[in-house]
Amino acid sequence: MARQFVLLCTGQRGHTYRNTKLLHVGAKGQPGECVRGGDYESNDGEGGAPLLPDLQGQYRRSGQAGAVWSWSWPVGHNPKSAQFGITTRDYQDRRQWSGVFGDVVSGLDVVRAAVKYINISEVTVVNCGVVLPL
């Protein structure tokens, strides 16, 4: 999932997250708040097919703000597996997202500002940022 995310951030395979809309805000203003994006195909939540054939791997769970996770479950077994979620507020209890493959290192303030928009689908990804090597 992380490799696919990098490819879609950089556009190395042609498809990219640039100029896609954010699609949904979950738990707005509550613990566990998150934003969904990643439909590079139809830009309406119906697309976002995987670029890589096998997205099996070791994924973790997290309830921390900044966690980046696959919107599909089980991970990689969904035709929309390029769609992602970013947690913008920590869970206050033991709940966690599954399929976490990365973390926002800087720029979470930008994502948090985006979730404040009344209509999240008016927010467009202009720059996918820098991906730091592990």
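The values are calculated or read from the model by the stated rules, or taken from the named source; none is laboratory data. Everything numeric here is computed off the predicted structure, so don't read it as measured data. We place every Cβ from the backbone using ideal geometry, glycine too, and count neighbours over all the protein chains shown. Ligands, DNA and RNA are stripped out before the accessible areas are found, and what is left, the full protein with its side chains, is counted by its heavy atoms. Shrake-Rupley method; radii C 1.70, N 1.55, O 1.52, S 1.80 Å.
Quick one: in the stretch 95-129, of everything that is in contact with a Gly (Cβ under 7 Å, 6 or more places away or on another chain) and among the charged types (D, E, K, R), which residue is least open to solvent (accessible area, probe 1.4 Å)? The qualifying residue least open to solvent (accessible area, probe 1.4 Å) is Asp103.
Suppose we keep only residues that are outside any loop (DSSP other than H, G, I, E, B) and in contact with a strand residue (DSSP E or B) (Cβ under 8 Å, 6 or more places away or on another chain) within the stretch 1-15. Which one would you say is nearest to Lys116 (Cα to Cα)?
Quick first cut of the stretch 1-15, residues outside any loop (DSSP other than H, G, I, E, B) only: 2-10.
Then drop every residue that is not in contact with a strand residue (DSSP E or B) (Cβ under 8 Å, 6 or more places away or on another chain), which leaves 2, 5.
Details: Ala2: 27, Phe5: 24 Å.
Only one residue tops the list, namely Phe5.
Taking the stretch 16-44 as the range and being surrounded by 14 or more Cβ atoms within 10 Å (Cβ to Cβ), touching a residue at least 60 places away in the same chain (Cβ under 8 Å) and outside any strand (DSSP E or B) as the test, the residues that pass are Thr16, Tyr17, Arg18, Thr20, Leu22, Leu23, Ala27, Lys28, Pro31, Gly32, Glu33. Gly99 meets the conditions (1) in a loop (DSSP other than H, G, I, E, B); (2) modelled with pLDDT of 85 or more; (3) among the small types (Gly, Ala, Ser) in every case but one. The failed one is (1). Scanning the stretch 53-64 for residues that are modelled with pLDDT of 90 or more, assigned to a loop (DSSP other than H, G, I, E, B) and either among the charged types (D, E, K, R) or open to solvent by less than 40 Å² (accessible area, probe 1.4 Å) (or both) yields one hit, Gly63.
Looking at the stretch 65-89, which of its residues are over 12 Å from the mean Cα position of the chain (by Cα) and surrounded by 15 or more Cβ atoms within 10 Å (Cβ to Cβ)?
As a first pass, look at the stretch 65-89 and keep what is over 12 Å from the mean Cα position of the chain (by Cα): 65, 73-79, 89.
Answer for the stretch 65-89, where residues must be over 12 Å from the mean Cα position of the chain (by Cα) and surrounded by 15 or more Cβ atoms within 10 Å (Cβ to Cβ): Ala65, Val75, Gly76, Asn78, Arg89.
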